[in-house]
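The values are calculated or read from the model by the stated rules, or taken from the named source; none is laboratory data. None of these values were measured; they are calculated from a predicted model. In this analysis, Cβ positions are derived from the backbone assuming ideal geometry, glycine residues included, and neighbour counts consider all displayed protein chains. The accessibility values were calculated without ligands, DNA or RNA, using every heavy atom of the protein model including side chains. Shrake-Rupley method; radii C 1.70, N 1.55, O 1.52, S 1.80 Å.
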Amino acid sequence: MSQLYENLRQLITVVDELRDVGLQNYISLPRIAAIGTQSSGKSSAIESLVGLDFLPRGGGVVTRRPLELRLVHLSNLDEKEEQAWAVFDHHPDKKFHDFNEVRAEIERLTDEVAGKNKGIVNDPIVMTVYSTSAPDLTVIDLPGITRVPVKGSDQTEDIEKVTRDMSMHYAKDPRTIILAVIPANQDMSVSDALKMAREVDPNGHRTIGVITKIDIMDQGVDATRMLRGEDVSLHLGYVGVKMRSQQDILDNKSVKQALKDEKEWFENHRQYSKLPPGLVGTSVLVDKLTQVLLKHIRRFLPEIKKEIGQRRQKVEMRIQELGEGVPMVEAERKQLMWTMISDYCDMFTNTIRGKYDRKLQRYMASLPAGSNTESGGAKIREIMNDFLVEYMQQGITADMSNGDIDKALHMHEGDSLPGFPSPDTFEFLALPHLQKITIPSLECVDSVSSALDHTAGRVAHAVLRRFPTLRDGVMEMTQRIIERERDNTRAIVEQQVACHIGYLFTNDPSYLIDHGSMEPMYERQATAPTVKEEPKDPGVMEKTMQQVKGSSKAAYDKMNTMVKGEQPRRRPHQYSGPFVDEIRARLDAYFAIIIRNIRDCVPRAIGFYLVRFVQDKLQYELLNEFADDARISELLGEPPHIIEERKQLASQLTVLQKASSVLTRDPTLAAIAMEAEMEEEVQEEAAHQRGSMPGRATSGRALLSNVSAAASNVGASASAAAAQAASRAAAAAASAASASPFRGGSSPASTASAPSAPAAQPAKDLMATAASTASSAALRQASASSLFGTAAAGPLGTAKKGLFDDT
């Protein structure tokens, strides 16, 4: 257990040093937070842990500011018995040996910030206690959850929400161990501490229940079910403690004496004395907190180091983007402005042309989420690809009937000879459809112009946001250039479209081959299938009937002519079906050619006269516009929030650099973390084999001797630190065979699960387990002795990086 405390002290020292440099302002650190309702006994429980009487007492709300207690255990060999002093964070050089003065100082600091009228503020007081009776822990005493504000105080009506949110602020952090303080004379189902712990830690993996006021329960009632976790279970279980009563405090009973009375009271109690060891007593709570905090810190230190490296990289990138501030020399100021404008123009061009720009990506990474959308060039290409795409789905004659085409042919014959159609018919049918192309063409110019404007705004916001005045001036000038070139491009596009609409002509080979003559029409007509019936020779009867019918028709026509007079026969003129079909095919083919040509020439004109002209003229005109020396000071004026951001980033970078140096300074941290892991593996293996094999194990002393010899053999071939780690692992294996590391001789978890199972294994099997663990310990120690950045020699003499070294 002493080795456990030694390892814990080193790890807690590292975490405290990280807090001292201010890392907790940016990255959460492992800690223990005591939560509970007002007057639930949190402060008294913490005093029992420390072994000193120093916290303010009284009726109502006493703890009104979070108190961060950093406890440092002093060895009895180095210090006098009951030696203790306290140091406050705001006076690091002043030692308080009188703990009545410590209490007065806490009250003064509380009144200084929270006022003297019962106000509650979330501004922690940091205090370090050095004592021979204190364990190595860091505990935060939080104000209790208060339901009703005190009359005439500074507490607001939402005091319950304020105190609950304050406790939740600490409890919701996954790196915080929750010390849920529950009065024994209160129903657990209505405990605010348990309810809050369940919300943020549903499985109870980082929650320890502390049952207080266990000695003032009603007669005939005890807390055994609560301690066993039968009502509300927690993975880490519960511990019952008996604290000083109000009369004990008035009688000035020391905390040390109270701890002796507590132990005697639990040992003589008719119910609690029958409980398995590890469920009651302040010493049990200290042991449990020690082990849980050790595992907790060991688990999160690698994550913390990784998070420090990632945050440091982001801060350095952001500082590089902001620059080192505006230079004072005039030439350097002008050079800075020209550099910023050149970067803006280059990134604008690269964004449109789709070139990968590392500098632009770095700028864009600092923008809010969702700002980094598709590039401007991709948007422009999408607009051009969608131009007139709807006109390619069907021809212009889809809604024309043969009668409409025939009518148009007759309409444009005029007084000329019938049967010879005019070319005006083609223009009359095609022109209304061709004129529809003009508006989409101009809209395409406007869409590309808007895309350029949007791209320029996005790049300017990323590159020039450090200088808002310069950014606004550059954007205004860029918009003027885009508008000017847009108007020029609109005129060019209108002329291009007018050429295609106003003059019907094509040299398209497919059109000239398929529709340049009437031959294709006759070929289609010739290939049309015709069915002819062969004439039959009429018979005698048929010949007679035909003669009679012919004579009757001739007599009728003669009589009709005599009555009405002679009139000329006139047939209505109509173009043939194949001719109309040919006109229809020519209309569709010519319209498809025009759409294809305009879909090529209009985007080409926009790309050249608008997109390329803006890119080519932008940098030249911007540099000419802002070349005036008198405007440089105005343009390079940084807003206050940029100056403040640079200051905060510099402060944060300093903290992260100091934190990184803390983690890379002590190479023994790797061995401590690895030893704790190996001890846990050995204990689990020993517990497993004790439960699976009957019989008594070999005596602990003999087993320890044999396993230590195996460890020394391993140490002969590995580093000295590896041999020491293996020896400790062997010692842990031997002790696990006979007793638990908890005070009292057994683990509360194992005792509660199997209180009557003192199973053992043969010495041979346990020795093999320990020796195997010791061997793996040496190998792991040799490969990970530089956990936090200090290189160490491996088994073959080669230097190796630690597990958490930056690559």
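Residues that are more than 17 Å from Pro30 (Cα to Cα) and free of Cβ contacts under 8 Å to residues at least 12 places away in the same chain were ranked within the range 284-319; the one that is surrounded by the most Cβ atoms within 10 Å (Cβ to Cβ) is Lys314.
Which one of these is without any contact (Cβ under 8 Å) to a residue 40 or more places away in the chain and either crowded, with 17+ Cβ neighbours inside 10 Å or of a type outside the set (A, V, I, L, M) (or both): Lys260, Lys256?
Details: Lys256 fails: without any contact (Cβ under 8 Å) to a residue 40 or more places away in the chain.
It is Lys260.
Condition check ((1) modelled with pLDDT of 85 or more; (2) aliphatic (A, V, I, L, M); (3) assigned to a loop (DSSP other than H, G, I, E, B)) across all residues:
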position	(1), (2), (3)
Val210	yes, yes, no
Ile216	no, yes, yes
Asp231	no, no, yes
Leu236	yes, yes, yes
Val239	yes, yes, no
Asp248	no, no, no
Leu259	yes, yes, no
Trp265	yes, no, no
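Would you call Leu434 aliphatic (A, V, I, L, M), in a helix (DSSP H, G or I) and either at pLDDT 70 or above or out of contact with any Cys (no Cβ under 9 Å at 6 or more places or on another chain) (or both)? Yes; evaluated as a whole, the condition is true for this residue.
Quick one: in the range 110-130, of everything that is among the hydrophobic types (A, V, I, L, M, F, W, C) and within 14 Å of Asp89 (Cβ to Cβ), which residue is modelled with the lowest pLDDT? Reasoning before the result, please.
Here is the first cut: in the range 110-130, the ones among the hydrophobic types (A, V, I, L, M, F, W, C) are 113-114, 120-121, 125-127, 129.
From what is left, the residues that are within 14 Å of Asp89 (Cβ to Cβ) are 113, 125-127, 129.
Numbers: Val113: 85, Ile125: 90, Val126: 89, Met127: 90, Val129: 90.
Residue satisfying both the conditions and the ranking: Val113.
Among the conditions (1) on the phi < 0 side of the Ramachandran plot; (2) touching a residue at least 12 places away in the same chain (Cβ under 8 Å), Gly237 misses just one, which is (1). Just one of the listed residues (Thr138, Thr156) is closer than 21 Å to Arg31 by Cβ and under 40 Å from the mean Cα position of the chain (by Cα), namely Thr138.
Checking each residue in the range 489-518 for being in a helix (DSSP H, G or I), among the hydrophobic types (A, V, I, L, M, F, W, C) and modelled with pLDDT under 75 picks out Leu512, Ile513.
Per-residue answers, yes or no, for (1) within 27 Å of Leu301 (Cα to Cα); (2) in contact (Cβ under 8 Å) with a residue 12 or more places away in the chain; (3) among the aliphatic types (A, V, I, L, M); (4) surrounded by 17 or more Cβ atoms within 10 Å (Cβ to Cβ):
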residue	(1), (2), (3), (4)
Ile106	no, yes, yes, yes
Val113	no, yes, yes, no
Thr138	yes, yes, no, yes
Gly144	no, yes, no, yes
Arg147	no, yes, no, no
Gln155	no, yes, no, yes
Ile178	yes, yes, yes, yes
Ala184	no, yes, yes, yes
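Evaluated against (1) open to solvent by less than 10 Å² (accessible area, probe 1.4 Å); (2) of a type outside the set (S, T, N, Q); (3) at positive phi, Lys118 falls short on exactly one condition, (1). Among the conditions (1) open to solvent by 40 Å² or more (accessible area, probe 1.4 Å); (2) modelled with pLDDT of 85 or more; (3) within 33 Å of the chain's Cα centre (by Cα), the only one that Tyr356 does not satisfy is (2).
Among Arg311, Arg299, Arg270, which is out of contact with any Ser or Thr (no Cβ under 9 Å at 6 or more places or on another chain), in a loop (DSSP other than H, G, I, E, B) and farther than 17 Å from Gly51 by Cα? Please lay out each step first, then the result.
Values: Arg311 fails: in a loop (DSSP other than H, G, I, E, B); Arg299 fails: in a loop (DSSP other than H, G, I, E, B).
Only one candidate passes the filter, namely Arg270.
Here Ala193 clears all of (1) more than 18 Å from Glu47 (Cα to Cα); (2) part of a loop (DSSP other than H, G, I, E, B) except the condition numbered (2).
Across the range 494-510, the number of residues qualifying as of a type outside the set (S, T, N, Q) and over 18 Å from Leu431 (Cα atoms) comes to 2.
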